[in-house]
Ligand SMILES: [Fe+2]
Ligand SMILES: [Fe+2]
């Protein structure tokens with residue numbers, strides 16, 4: 001949005017300078033949504049379950065309609081969206097996933113595992129962070145080999161548990177993220193234990209081994225680099241992701257229209 005308009009909306013440059021980074025992000029989001037001719041209400045899961053959302057809905061000046069359909073702030077999706085299109089127009093964490101897949105390919109792993117690495121954090125990038133292994137696994141399950149979906153589900157729990165025999169240590173980054181005393185919830189420990197004794201353990205473990213901790217600024221991996229592997233191992237629905245009536249089509253539609261009121 002226009003910088004001058006944004007400064008006016010927040011009360012000038014000095015008011016902006018006094019804000020924290022997250023306040024600035026909130027102010028920008030608010031200013032951008034006020035510019036729209038639609039009212040955008042954040043879903044409950046992104047707020048405190050309607051405690052502030054209620055106010056927005058009830059107290060709103062009804063000179064605008066609520067957001068339904070295309071959100072003009074986002075790139076327009078085609079009528080039959082492909083996986084690659086989601087990477088280009090909707091997902092975050094794309095460099096992370098592409099660099100992980102690139103590493104898996106460099107390590108000579110089978111294409112199925114390279115694809116698993118490419119998809120492993122797709123939920124973090126597009127839908128939701130909490131239990132991202134489970135959400136991500138469901139999102140792709142109708143379109144990939146069962147083993148890939150399984151591995152995506154369990155990589156989340158396995159990330160917390162070292163396996164020195166195969167060269168996987170507890171991520172140093174997790175000490176920074178969660179503190180030295182962090183202990184995963186019991187359901188995570190149980191999932192990791194279950195996965196460890198499963199025939200597909202090493203597939204999920206390979207995701208964690210190739211899950212890069214830090215970005216290499218000298219490497220840029222692009223989603224297009226994996227077009228061939230996606231073509232061979234991801235069953236792209238003809239109607240487009242979100243419109244194929246699969247049990248997970250609604251998840252893809254949520255990413256297409258993330259701000260719809262209903
Ligand atoms: Fe992950
Ligand atoms: Fe990751």
Response to the item:
The helix 186-196 Cα axis meets the longest alpha-carbon principal axis of the chain at an angle in degrees, between 0 and 90 and rounded to 10, of 40 degrees
Worksheet item: If you average the sequence gap of Cα pairs under 8 Å that are 6 or more apart and divide by the length of the chain, what percent do you get for the contact order?
Response: 24 percent
Worksheet item: If the chain between residue 8 and residue 76 were fully stretched, how many nm would it gain, using 0.36 nm times the residue separation less the Cα-Cα distance?
Response: 21.6 nm
Practice prompt. Identify which of 106, 89, 80 has the largest mean-square fluctuation in a Gaussian network model of the chain, with springs joining Cα atoms closer than 10 Å.
Written response: 106
Discussion item. Quick check: the distance between the Cα centres of segment 174-191 and segment 209-230, to the nearest angstrom?
Written reply: 26 Å
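Which whole-number value in Å³ per residue fits the convex hull of the alpha carbons of segment 40-170?
Details: hull volume 18.3 nm³, N = 131.
Taking the convex hull of the Cα positions in segment 40-170, it is 140 Å³ per residue.
What value in Å³ per residue do you get for the convex hull of the alpha-carbon atoms in the chain?
Working: hull volume 45.4 nm³, N = 262.
Taking the convex hull of the Cα positions in the chain, it is 173 Å³ per residue.
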Worksheet item: Mind checking the angle between helix 201-210 and the chain's longest principal axis? C-alpha axes, 0 to 90 degrees, to the nearest 10.
Response: 60 degrees
Item to complete: Based solely on C-alpha atoms, express the radius of gyration and the Dmax of segment 119-194 in angstrom.
Response: 13.0, 39
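Which order do the peptides 113-120, 128-135 come out in when sorted by mean C-beta neighbours inside 10 angstrom, highest first? Provide the component values of the computation, followed by the final result.
Details: 113-120: 28.4, 128-135: 16.9.
By packing density, highest mean first, the sequence is 113-120, 128-135.
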Worksheet item: Using the 10 angstrom Cβ neighbour count as an exposure proxy, how do 250, 233 rank, fewest first?
Response: 250, 233
Worksheet item: In degrees between 0 and 90, to the nearest 10, how far off the longest principal axis of the chain does helix 21-35 point, with axes built from Cα atoms?
Response: 60 degrees
Discussion item. Of the candidates 81, 72, 237, which one comes out as most mobile in a Gaussian network treatment of the chain with C-alpha springs shorter than 10 Å?
Written reply: 72
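Where does each of 47, 208 land when they are ranked from fewest to most other beta-carbon atoms within 10 angstrom?
Values: 47 14, 208 24.
The order, fewest Cβ neighbours first, is 47, 208.
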Item to complete: Please label the shape of segment 156-237 as rounded, prolate or oblate, based on the square roots a ≥ b ≥ c of the eigenvalues of the alpha-carbon gyration tensor (a/c under 1.5 means rounded; beyond that, a/b larger than b/c means prolate, else oblate).
Response: oblate
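With runs of 4+ DSSP H residues as the only contributors, calculate the mean residue ellipticity of the chain at 222 nm using -39,500 (n - 2.57) per run, divided by the residue total and rounded to the nearest 500. Please report the intermediate quantities before stating the final value.
Numbers: 15 runs with 134 residues, N = 262.
-14500 deg cm²/dmol, from helical runs alone.
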Worksheet item: Could you give the distance between the Cα centres of segment 134-169 and segment 102-116, to the whole Å?
Response: 14 Å
Discussion item. Which residue fluctuates most in the GNM of the chain (Cα springs below 10 Å): 13, 27, 141?
Written reply: 13
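Only the coordinates and a few stated rules stand behind these numbers; no lab work does. Just so we're clear, the structure is a prediction, and the values are computed from it rather than from any experiment. Every residue, glycine as well, gets a Cβ built from its backbone with ideal geometry; the counts of neighbours run over all protein chains shown.
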